[in-house]
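Take a look at the structure set out below.
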Protein chains: 2
Amino acid sequence: MAALPEPRLLKALKGEVLERPPIWFMRQAGRCLPEYHELRAKAGGFLNLVFDPKLASEITLQPMRRFAYDAAIIFSDIPVVPQALGQELWYQEGEGPRLGPLPDLDAMADRVNSVGETLASVGETVRLARAGLEPERALIGFAGAPWTLATYMLQGRGGDAARTVARSRAFTERGLVERLVDILADATASYLIMQARAGAQALQIFESWAEFLPEDVFERLVIQPHARIVAALKAAGVTAPVIGFPRGAGALVERYTLESGVQAVGLDVQAPAALGQRLQRNVAIQGALDPLLLRAGGEVLDRRVDQLLEQWSGGPYIFNLGHGIIPDTPIVHIERAVERVIAWRAR
Amino acid sequence: MAALPEPRLLKALKGEVLERPPIWFMRQAGRCLPEYHELRAKAGGFLNLVFDPKLASEITLQPMRRFAYDAAIIFSDIPVVPQALGQELWYQEGEGPRLGPLPDLDAMADRVNSVGETLASVGETVRLARAGLEPERALIGFAGAPWTLATYMLQGRGGDAARTVARSRAFTERGLVERLVDILADATASYLIMQARAGAQALQIFESWAEFLPEDVFERLVIQPHARIVAALKAAGVTAPVIGFPRGAGALVERYTLESGVQAVGLDVQAPAALGQRLQRNVAIQGALDPLLLRAGGEVLDRRVDQLLEQWSGGPYIFNLGHGIIPDTPIVHIERAVERVIAWRAR
C-alpha cells in the first residue's frame with residue numbers, strides 16, 4: 001500500500017525547505033465568500049454556524065473548492081472559550097462579539113479541564129472537515145491566545161479602547177489579570193487537545209493583540225502562557241505542530257520564538273526580511289502579506305508576493321497574510337495571489 | 001569667564017554615558033497640568049495658545065517649575081505644518097485636530113520653503129522659552145513626521161479607522177502618497193531649521209503612526225523622508241541633534257536607526273532591553289516607560305523605572321515615556337517617577 005502524500009504544510013512545519021512554500025490565508029473561511037454569506041443568511045446568528053458541525057465544516061471547505069490553498073482552517077471564532085468558561089457571549093450585527101460580566105475566577109478555574117468536552121461540537125466539525133478534505137491538504141485547528149481572550153473578557157468587547165483599558169488593568173489589577181490568563185492557558189490547552197484528537201493536523205494560537213506590551217508584561221502575559229499551552233499539549237501526547245501568532249509583538253517576537261516552544265511563528269505585516277531569516281534558523285515562519293495590499297490588488301501586489309517568496313523561501317516558510325482577510329477583498333485578488341505562489345519556481 | 005554647564009540632555013545626545021540619565025516626558029507641557037487648563041479656558045481655542053508666543057512659552061515652562069525635568073519641549077501640535085501648507089485646520093472639542101480637504105500638491109510644493117517663515121510665531125515661542133529656562137536645562141523643538149502628518153491630511157482626521165484608510169491609500173494611490181510625503185519632508189525641514197535658528201537645542205521628529213507598515217513601505221514612507229530631513233538640516237548648518245521617534249516600528253527600528261541618520265532614537269513601550277542595547281552602540285536611545293503605568297503608579301511603577309534604568313543606563317540613554325502622558329495621570333505619579341530617576345545611583 002502506497003503511503004499517502006504528506007501535506008506540504010506539515011513538511012514546512014517540520015522545518016523542510018520546499019521548492020515552493022505552502023499557502024493558506026487567515027480568515028479564508030467565511031467573510032469574503034458569497035457562498036458563506038448565503039449560508040449565514042439562512043442560519044440566523046453567527047453562533048448557529050459555529051456550533052453546527054455540518055455547517056461549520058461546509059464553511060471550512062468552501063474556500064478549498066475555490067482556491068488552491070494547501071491547508072484548511074476550521075471555521076470558528078475565538079470567544080467560544082470564554083463562553084465555555086461561563087461568560088455570556090453574543091454577536092452584535094456588524095460589531096463583532098460581545099461578552100457579559102466576567103465570571104468568578106474560581107468558577108472558571110473549575111471548568112478549565114472540561115472545555116474540550118464542552119466544545120465537543122467543534123471536534124465534530126474537525127472530523128467532518130478532515131473527511132471532506134484531500135489527503136495532501138492539511139487541516140488546521142485554532143484557538144485565541146489567553147491575553148487576547150482576556151482583553152475581550154475584561155471589557156466585554158473588542159476594539160481599541162477596550163484593549164487600552166485591558167492593558168491598563170494589567171498594571172492596576174495585576175493579580176486578577178495574571179490569574180485570568182493562567183486559567184485561559186489551561187482552558188485553551190484543553191480545547192486544542194480535543195481538536196488535535198479529533199484530527200486537526202496543526203494548531204494555531206491567535207494572539208491578535210500582542211501589541212504595545214512592555215517586555216516584562218509581554219513575558220508574563222504572552223510568552224509564559226503560550227509556553228504553558230505548548231507544555232500541556234506535549235504532556236497530553238499531542239504531536240500536531242503549533243503555530244504561534246503574536247501579532248504586533250514587534251522585536252519581541254524573537255524572545256517569543258525562543259522561549260514559547262512553538263514549532264512555527266506567524267509574522268505580521270511589519271516583519272523585516274532579516275528578522276524572519278533569523279527566526280528560520282529555529283522555526284518555520286508564516287506570513288506576512290498585508291491584507292490591505294491583497295484588497296488593493298494589481299502589480300504592487302504581485303511585486304510584494306514575489307518579494308516575500310524571494311526573501312523567505314530559502315528557509316521553512318508558509319505563505320500567508322500578516323492578519324485576516326478583509327471582508328470586501330475581491331476574490332480575483334485572492335486567486336491572483338494564490339496562483340502566483342503556486343507557480344513559484346515555475347516562472 | 002566660566003563656561004555655562006552643558007545640559008545633561010545634550011551630553012546624552014552626543015553619546016555620553018552619564019551617572020544618571022537625563023529625563024523629560026513627552027506631552028509634559030499641557031494636558032495633565034491644572035495651570036495649563038486654567039490658561040486654556042481663558043484663551044478660547046487651542047490654536048490661540050499655540051500661535052501666541054507668550055502663552056505657548058509659558059505653557060512650555062509650566063512643567064519645568066513643577067518637576068525636575070532636564071529638558072523642556074515647546075508647546076505646539078503637529079498639524080500646524082499642514083495648515084502652513086494651506087490645509088484648513090481646526091480643533092473639535094474632545095476629539096483632536098480636524099483638517100479640511102487636501103490642497104493641490106503643486107500648490108503645497110510651492111509653499112514648502114516658506115513654512116519656517118509662516119510659522120515664525122513658533123520661533124518666537126522658542127526664543128521666549130529659551131530665555132526663561134535655566135542654562136543647564138535644554139530646550140527641544142519638534143515636528144510631526146511626514147507619514148504621520150499624511151495620515152491626518154489624507155483623511156482629514158486622526159484615529160484608527162483614518163489611519164487604516166491612509167495605509168490602504170499608500171497601496172492604491174502610491175504616487176500621490178509618496179509625493180505628499182516628500183513635500184512634507186521638505187516642509188518639516190524648513191520648520192525645524194527655523195526652530196533651531198531660534199534656539200532649539202535638540203529637535204524631535206514624531207512619527208507617531210509608524211506601526212503596521214510592511215518593510216518596503218516603511219522604507220519609502222518613514223526611513224527615506226526622515227533621512228531627507230536630516231540631510232536638509234545638515235545642509236542648512238543646523239547642529240542641533242535630531243531624535244527620531246518611529247512609534248510602533250517594532251523590529252524595523254534597527255534599520256531606521258542605521259539608515260535615517262538621526263542622532264537618537266525614541267523607543268516605544270514595547271522595545272526589548274536587548275534591542276535598546278544594540279542601538280546604543282550607534283546612537284542615544286530615549287524611552288520607554290508605559291504611560292499607562294505612569295498613570296497607574298505604585299510599586300509596579302517604581303520597579304519598572306528601576307528596570308529601565310538598569311537595562312539602559314550603561315549606554316547613552318534619555319529617560320522618557322514610550323508615548324505621551326495620558327491627560328488624567330496623577331501629578332504625584334509624575335513627581336514620583338522623576339524623583340526616582342533623579343536619585344538614581346544615589347540609592
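The values are calculated or read from the model by the stated rules, or taken from the named source; none is laboratory data. Note that the structure is predicted; figures quoted are calculated from it, not measured. For neighbour counting, all protein chains shown are included, and Cβ atoms are generated from backbone atoms with ideal geometry for every residue, glycine included. Note: accessible area is taken over every heavy atom of the protein model, side chains too, but ligands, DNA and RNA are not part of it. Shrake-Rupley method; radii C 1.70, N 1.55, O 1.52, S 1.80 Å.
Among the residues of this structure, B:A296 does not count as one that is of a type in the set (A, V, I, L, M, F, W, C), more than 29 Å from B:L33 (Cβ to Cβ) and facing chain A (nearest Cβ under 8 Å).
Answer with yes or no whether A:D182 is open to solvent by 20 Å² or more (accessible area, probe 1.4 Å), within 24 Å of A:V122 (Cβ to Cβ) and modelled with pLDDT of 95 or more.
On the way: open to solvent by 20 Å² or more (accessible area, probe 1.4 Å): yes; within 24 Å of A:V122 (Cβ to Cβ): yes; modelled with pLDDT of 95 or more: yes.
Answer is yes for this residue.
Has the range B:44-67 got at least one residue that is under 19 Å from B:W147 (Cα atoms) and open to solvent by less than 20 Å² (accessible area, probe 1.4 Å)?
Of all residues in the range B:44-67, those under 19 Å from B:W147 (Cα atoms) come to none.
No: zero hits.
Residue-wise test of (1) among the hydrophobic types (A, V, I, L, M, F, W, C); (2) assigned to a helix (DSSP H, G or I).
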{"site": "A:P5", "(1), (2)": "no, no"}
{"site": "A:E16", "(1), (2)": "no, no"}
{"site": "A:Q28", "(1), (2)": "no, no"}
{"site": "A:R31", "(1), (2)": "no, no"}
{"site": "A:E35", "(1), (2)": "no, yes"}
{"site": "A:L49", "(1), (2)": "yes, yes"}
{"site": "A:A56", "(1), (2)": "yes, yes"}
{"site": "A:Q62", "(1), (2)": "no, yes"}
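Considering the conditions (1) open to solvent by 10 Å² or more (accessible area, probe 1.4 Å); (2) touching a helix residue (DSSP H, G or I) at 6+ places or on another chain (Cβ under 7 Å); (3) under 18 Å from A:V17 (Cβ atoms), A:L279 is excluded by exactly one of them, (1).
Across the range B:297-318, the qualifying residues are those that are touching a residue at least 60 places away in the same chain (Cβ under 8 Å) and out of contact with any Phe, Trp or Tyr (no Cβ under 8 Å at 6 or more places or on another chain), and the one among them that is farthest from B:L279 (Cα to Cα) is B:G314. Which of the residues that make up the range A:146-163 are within 13 Å of chain B (Cβ to nearest Cβ) and either modelled with pLDDT of 95 or more or under 22 Å from the mean Cα position of the chain (by Cα) (or both)? Within the range A:146-163, A:G158, A:G159, A:D160, A:A162, A:R163 qualify. B:G175 fulfils the conditions (1) surrounded by 23 or more Cβ atoms within 10 Å (Cβ to Cβ); (2) under 19 Å from B:V112 (Cα atoms); (3) small (G, A, S) except for a single criterion, (1). Of B:I59, B:I78, all but one fail to be under 30 Å from B:D104 (Cβ atoms), out of contact with any Leu (no Cβ under 6 Å at 6 or more places or on another chain) and of a type in the set (A, V, I, L, M); the exception is B:I78. Of all residue pairs spaced 6 or more apart or on separate chains, those with beta-carbon atoms under 8 Å, a first member in the range A:264-292 that is farther than 29 Å from B:R169 by Cα and more than 8 Å from every other protein chain (Cβ to nearest Cβ) and a second member that is surrounded by fewer than 24 Cβ atoms within 10 Å (Cβ to Cβ) and among the charged types (D, E, K, R) are A:R278/A:E254; A:L279/A:E254; A:A284/A:K14. Would you check which residues across the range B:312-341 are in contact with an Asp or Glu (Cβ under 9 Å, 6 or more places away or on another chain) and either assigned to a helix (DSSP H, G or I) or within 12 Å of chain A (Cβ to nearest Cβ) (or both) and list them? Answer for the range B:312-341, where residues must be in contact with an Asp or Glu (Cβ under 9 Å, 6 or more places away or on another chain) and either assigned to a helix (DSSP H, G or I) or within 12 Å of chain A (Cβ to nearest Cβ) (or both): B:L321, B:G322, B:H323, B:R336, B:A337, B:R340. Do we find that A:G297 is at positive phi and surrounded by 22 or more Cβ atoms within 10 Å (Cβ to Cβ) in this structure? The answer is no for A:G297.
Scanning the range A:231-240 for residues that are touching a helix residue (DSSP H, G or I) at 6+ places or on another chain (Cβ under 6 Å) and open to solvent by 30 Å² or more (accessible area, probe 1.4 Å), we see that the one that is farthest from the other protein chains (Cβ to nearest Cβ) is A:A236. Here the condition is being surrounded by 14 or more Cβ atoms within 10 Å (Cβ to Cβ), more than 19 Å from B:V238 (Cβ to Cβ) and touching a strand residue (DSSP E or B) at 6+ places or on another chain (Cβ under 6 Å); of B:Q83, B:Q92, it holds for B:Q83 alone. Residues in the range B:300-343 that are open to solvent by less than 60 Å² (accessible area, probe 1.4 Å), of a type in the set (G, A, S) and under 21 Å from B:Q270 (Cβ atoms): B:S313, B:G315, B:G322, B:G324, B:A337. Applying a threshold of 6 Å to beta carbon distances and a minimum spacing of six or more residues, or different chains, the list of pairs starting in the range A:214-232 at a residue that is farther than 14 Å from A:A249 by Cβ and ending at one that is open to solvent by 10 Å² or more (accessible area, probe 1.4 Å) and not hydrophobic (A, V, I, L, M, F, W, C) reads A:A227/A:G261; A:V230/A:G261.
Scanning the range B:1-26 for residues that are at pLDDT below 95 and of a type in the set (G, A, S) yields B:A2, B:A3.
Give just the number: which of (1) aromatic (F, W, Y); (2) in contact with a Lys or Arg (Cβ under 9 Å, 6 or more places away or on another chain); (3) within 21 Å of B:G123 (Cβ to Cβ) does B:Y91 not satisfy? Checking B:Y91 against (1) aromatic (F, W, Y); (2) in contact with a Lys or Arg (Cβ under 9 Å, 6 or more places away or on another chain); (3) within 21 Å of B:G123 (Cβ to Cβ), the one that fails is (3). Residue-level check: of (1) away from chain A (no Cβ under 14 Å); (2) out of contact with any helix residue (DSSP H, G or I) (no Cβ under 8 Å at 6 or more places or on another chain), B:R228 misses just (2).
Look at the range B:145-174: where a residue is assigned to a helix (DSSP H, G or I) and a partner is acidic (D, E) and modelled with pLDDT of 95 or more, sitting 6+ places away or on another chain with Cβ atoms under 7 Å, you get B:W147/B:E207; B:T148/B:E207.
Only one residue in B:I223, B:I243 is surrounded by 18 or more Cβ atoms within 10 Å (Cβ to Cβ) and within 14 Å of chain A (Cβ to nearest Cβ). Which one? So that I can check it myself, show each step before the final result.
Values: B:I243 fails: within 14 Å of chain A (Cβ to nearest Cβ).
Within the list B:I223, B:I243, the selection yields B:I223.
When each of A:V269, A:V253, A:V265 is tested for being open to solvent by less than 30 Å² (accessible area, probe 1.4 Å), modelled with pLDDT of 95 or more and in a helix (DSSP H, G or I), the lone residue that passes is A:V253.
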